[in-house]
Amino acid sequence: MAGAEIPEPPGVPVPPTARGGRHTRWFLITLYMLAFVWGARSIYFWEPTSLDLLFRVALAILLGWWAVADARWRRHPIPLLSRSWFVLGATVLVPVYVIWSRRWRGVGWIILHTALWFVLATVVMTIGGLIVFGGKWPPPGKS
């Protein structure tokens, strides 16, 4: 059997291919689009809307979907029966997954994108509020 390849034993991590990461690029674009939407919605922060629930559902689905896709791309797929938990508990499980899969880089990745997300949402809210209400934003009694 000269030249036959020996298969790798199960459980040995296989590095992802060099041509990947599109799912992360699209995830970040969509994540920052949601930040823009949340900032625009927050111009009228004192009025409850159906967008509040829709936004939270969209964010949970986005985070859960990305974690499942990323785990599959890294060749450590999340078991089928556990995938729904990544949507239901996205705010806890996805950061834990990122830290588990990327170690210390994951901590930095989470801090960076969380901070940028809040900065973008705040800038959109502030600029949008000034455009809509002029110098009287936030309206008196609403802040």
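The values are calculated or read from the model by the stated rules, or taken from the named source; none is laboratory data. Keep in mind that what you see is a predicted model, and the values were worked out from it rather than measured. For neighbour counting, all protein chains shown are included, and Cβ atoms are generated from backbone atoms with ideal geometry for every residue, glycine included.
Miscellaneous remarks
- Filter result (β-branched (Val, Ile, Thr), touching a residue at least 24 places away in the same chain (Cβ under 8 Å) and within 14 Å of HIS113 (Cα to Cα)) within the range 23-46: THR24, THR30
- Enumeration of residues in the range 19-45 that are out of contact with any Pro (no Cβ under 8 Å at 6 or more places or on another chain) and outside any helix (DSSP H, G or I): ARG19, GLY20, GLY21
- Close pairs (8 angstrom Cβ cut-off, 6 or more residues apart or separate chains): over 12 Å from LEU63 (Cβ atoms) in the range 75-97, assigned to a helix (DSSP H, G or I) and of a type in the set (S, T, N, Q) anywhere: HIS76/SER101
- Residue count for the range 60-88, restricted to those that are farther than 27 Å from ALA35 by Cα and in a helix (DSSP H, G or I): 3
- Criterion violated by TRP104 - all others in (1) more than 12 Å from the chain's Cα centre (by Cα); (2) surrounded by 13 or more Cβ atoms within 10 Å (Cβ to Cβ) satisfied: (2)
- Single condition ARG105 does not satisfy, out of (1) out of contact with any helix residue (DSSP H, G or I) (no Cβ under 6 Å at 6 or more places or on another chain); (2) under 13 Å from TYR44 (Cα atoms): (2)
- From TYR44, TYR97, TYR32, residue being closer than 19 Å to LEU120 by Cα, modelled with pLDDT of 90 or more and either of a type outside the set (Val, Ile, Thr) or out of contact with any helix residue (DSSP H, G or I) (no Cβ under 6 Å at 6 or more places or on another chain) (or both): TYR32
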